[in-house]
Amino acid sequence: MQYAGSKYRLKNEIIPIITKNLTPDRCYVEPFAGGLNIIRHIKHSKKIANDNNNCLISMWKALQKGWLPKEYYAKDEYEDIRKDYQTKGNKYPDYIKGFCGYTCSYQSLFFRGFSDNGLRRDFQKLAMYRCINGVSFNKEKCNKPFKLDNIKFENLDYSKLNIPEDSVVFCDAPYKGVTTDGYSDSRKFDYEKYYNWVRAISKNNEVYISELWMPDDFEVVWEKAHTYQLNKKNRSNKIEKIYKLKQAEKEKSIHEFTIYLILYLLFLLENSKIKKEILCTMIFSMFYFQNGVEYCSNSPPKTPKYMKMVL
C-alpha cells in the first residue's frame, strides 16, 4: 500500500485488469480499502469496502450520509485532534479524526504530520477535494463527483471479513519490507497469515493482490515501474505489480478440498442413515460439475485414481 496519490494516479491502468470479469451478479470487495482510490471509481452496484481503521470508515460513512467538513483545519486544531486520536479520547467524533488524519496530513499518511499551506500549492485543499469528490481539483470542470451510495462499509480485520462467494477481490495490504511510504503497519503485519488467507479465499473468488513481491505460487498479471516519494530526500523507484494465485495452485487447492469433502461424506455414510445411492450422486456431482462441465451419459468420464483410492 502506497500513499493515496500513487494509487489514485494508477487507477485507470489497474481497474481494467481487476474488473475484466466483474459481472452484475458478482460482488466487488476491497479488504484494505483505505482512501477508496480504486473502489469508488468502479461503476458497479455491489461493492464492499473494508478497513481496520475505525476512524477512516467512520469518515466514509459520514460523507456517504451527506456530512461535509469545514474548508480548513488549522495546525493547532489538527494537533489537538491528533492527540485525541492517539489517546483514544472522545473530545472529537471518529469521523472528524478520520477526516483530519487522512486529508490534513502530508501525502495523506494518517496523522503523520500536518500538511500546511505551501507557497505554491494548498495541499490540504487538494486532498480534501479529492476525498469528497473522488477526482482531482484541477479536473473539476471535466469530471463529475464519484458518489459513495453503492458502497457497503465494514470495519473489520481482513481475516474476519465475510466475502460473498464468487466475488472479485482486490487486496492492497501494506507492502512487505517497505517503510519509506510511511506505513509502519508493514513492520507488524503477519504476511504468512495474509498469504494463506489469500490462498484460501482464492478457492471461491477471483482475487487480485497489489504488491511488490509475492511467493512463488502467485503470478504477475500486470506491472509498471513507478516512482513515489515523500520528500526530496526520501525517494523510491519500484515496479508496482498486480498478482493472482497461479491457476495450477488454485486447482490443486480445489482438488484437495474436494477430497476432504469426499472423506467427510464417507464418514457420514458410516455414521448416518444416508442412502449409498444418494451419497454416490453427491460425490459424482462434485467431481464432474464443479468446473461447469456438462456430463454426457453416452460417454461418462473415467473415475480418477484418487477417487478409486477413497472409494
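When restricted to residues that are of a type in the set (Val, Ile, Thr), at pLDDT 95 or above and under 23 Å from the mean Cα position of the chain (by Cα), the range 65-112 contains 0. Ser45 meets the stated requirement of being within 23 Å of the chain's Cα centre (by Cα) and not in a helix (DSSP H, G or I).
Look at the range 94-110: where a residue is free of Cβ contacts under 8 Å to residues at least 40 places away in the same chain and a partner is small (Gly, Ala, Ser) and in a loop (DSSP other than H, G, I, E, B), sitting 6+ places away or on another chain with Cβ atoms under 8 Å, you get Cys104/Ser115; Ser105/Gly113; Ser105/Ser115. Reported count of residues in the range 62-94, each being within 19 Å of Cys131 (Cβ to Cβ), surrounded by fewer than 12 Cβ atoms within 10 Å (Cβ to Cβ) and in contact with a helix residue (DSSP H, G or I) (Cβ under 8 Å, 6 or more places away or on another chain), is 2. When we screen Leu68, Leu63, Leu36 for residues that are in contact (Cβ under 8 Å) with a residue 60 or more places away in the chain and over 30 Å from Tyr208 (Cα atoms), the only hit is Leu68.
The values are calculated or read from the model by the stated rules, or taken from the named source; none is laboratory data. Computed from a predicted model, the values in this text were never measured in an experiment. Don't worry about glycine lacking a Cβ; one is built from the backbone with ideal geometry, like all the others, and counts go over all protein chains shown.
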